[in-house]
Amino acid sequence: MIVILFGAPGVGKGTQAELLAARKNIPHLSTGAALRKAKADQTEAGRMAAGFMDSGALVPDELVLRIVEETLSSPECAHGAILDGFPRTLAQAEALDEIMSKHGLAISYVINIQVADQAIFERLLQRKRVDDSPEVIRHRMQVYQQETAPILNYYAKRNVVTTIDGNADIETVYKRIDAEFS
Ligand code: AMP
């Protein structure tokens, strides 16, 4: 089963994905974390991604897709994965469909976590990540609205989208998500 955790930067996708992965024993793929590791390890992909990440822009699809394809082809992901921060463009969503059909996987749930913009802004500022300065946060939120939010329509047509209110503490939001799994 493929579960996509969807939502703007700072809604808690990473935190919830980690909890789900630990409690349900499903591998968790965060493209942001994978890219940050590649950047820290100074791999070729990491060096190519660094400038985009630091400015809050999206990393080019080919680079991100290489990571996703590699991960979903590994034996650990034979039964699926929790995707966090991916897909972020329509081209990525379409490419994911191809990768999944190759591996006999399907999207079971798209969990759309919603949090008020002001609360997101405050959460991100507290996180103190290098790409969490006020200007970069603003840019990432804009990129989300323009490039990523429209993908929801792509999935809504398949009746796999559930919207969750993420304005609550971690455990409460987890329970809301868990209640959606049948
Ligand atoms: P995140 O940890 O999901 O907030 O991602 C941090 C940064 O990594 C983003 O601001 C992008 O620069 C890059 N990134 C992560 N996932 C993707 C993706 N699916 N497509 C393009 N860029 C991504």
Pairs where the first residue, in the range 124-136, is under 14 Å from A8 (Cα atoms) and the second is at pLDDT below 95 and not in a loop (DSSP other than H, G, I, E, B), C-beta under 8 Å, 6+ apart: D132/L124; D132/L125
Contact list please: Cβ distance under 9 Å, first residue in the range 39-65 and in contact (Cβ under 8 Å) with a residue 60 or more places away in the chain, second residue within 9 Å of the ligand (Cβ to nearest atom) and not in a helix (DSSP H, G or I), pairs at least six apart or on different chains. M53/V59; M53/D131; D54/D131; S55/D131; G56/P9; G56/D131; L58/R88; L58/T89
Tabulated pairs, the range 66-92, first on the phi > 0 side of the Ramachandran plot, second within 14 Å of the ligand (Cβ to nearest atom), C-beta under 6 angstrom, 6+ apart or interchain: G85/S30; G85/T31; G85/G32
Please count how many residues of the range 77-91 are among the small types (G, A, S), surrounded by 22 or more Cβ atoms within 10 Å (Cβ to Cβ) and within 13 Å of the ligand (Cβ to nearest atom). 1
Subset of the range 92-116 that is more than 16 Å from the ligand (Cβ to nearest atom) and of a type outside the set (A, V, I, L, M) - its residue that is nearest to T15 (Cα to Cα): Q114
Would you mind finding the one in I67, I4, I26 that is surrounded by 15 or more Cβ atoms within 10 Å (Cβ to Cβ), within 12 Å of the ligand (Cβ to nearest atom) and over 12 Å from the mean Cα position of the chain (by Cα)? I67
Restricting to helices (runs of 4 or more DSSP H) lying wholly in the range 55-133: which have 2 or more residues that are modelled with pLDDT of 95 or more and either under 28 Å from T43 (Cα atoms) or among the hydroxyl-bearing types (S, T, Y) (or both)? 61-72, 90-103
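The values are calculated or read from the model by the stated rules, or taken from the named source; none is laboratory data. Quick caveat, the model's predicted, so the values are computed rather than measured. Cβ coordinates were reconstructed from backbone atoms using ideal geometry, including for glycine residues, and neighbour counts include every protein chain displayed.
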